[in-house]
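The structure under discussion appears below in the form of structure tokens.
Computed from the coordinates by the stated procedures, all read-outs in this text should not be read as laboratory data. The model shown is predicted, which means the values in this text are computed figures rather than measured ones. Cβ placement follows ideal geometry from the backbone for every residue including glycine, while neighbour counts extend to all protein chains displayed.
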Amino acid sequence: MLLIHGDSDIVALPHNSKVIMEKLTSADKTLHTFAGADHWFYQSIIPTMSSKYSLEQKKTVSAVAKEWLKAH
């Protein structure tokens, strides 16, 4: 399981992802936290949506998901 979270999220607190990770029984689990990302950072993976994130930030989010999917 891949969990991704922005460390500046005030809607769904980053701590909650850590709690979920602790409770998951699967050994195959990854939590990736993005520095400075808020609750809406998912916009970074939808190319046509405008967002406050730079192209580099968008590529980073996409790369993390892509690499995890390739490994699984």
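Numbers at a glance
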{"item": "Computed [θ] at 222 nm, deg cm²/dmol, the chain (DSSP H ≥ 4; -39,500 (n - 2.57); rounded to nearest 500)", "result": "-12000 deg cm²/dmol"}
{"item": "Mean separation of Cα contacts under 8 Å (6+ apart) over length of the chain, as relative contact order %", "result": "33"}
{"item": "Tilt relative to the chain, helix 14-23 - C-alpha long axis, 0 to 90 degrees, to 10", "result": "30"}
{"item": "Crossing angle, helix 55-71 versus the chain [Cα axis fit, 0-90 degrees, rounded to tens]", "result": "30"}
{"item": "Listed residues L13, L24, Q43: farthest to the positive end of the dipole of the chain (Cβ charges)", "result": "Q43"}
{"item": "Candidate values (1) 1.09; (2) 0.98; (3) 1.02, label of the one derived for Rg/Rh (Cα atoms, Kirkwood Rh)", "result": "(2)"}
{"item": "Cα-Cα over 26 Å, subset of K23/K59; K18/K70; K29/K52; K29/K58", "result": "K23/K59; K29/K52"}
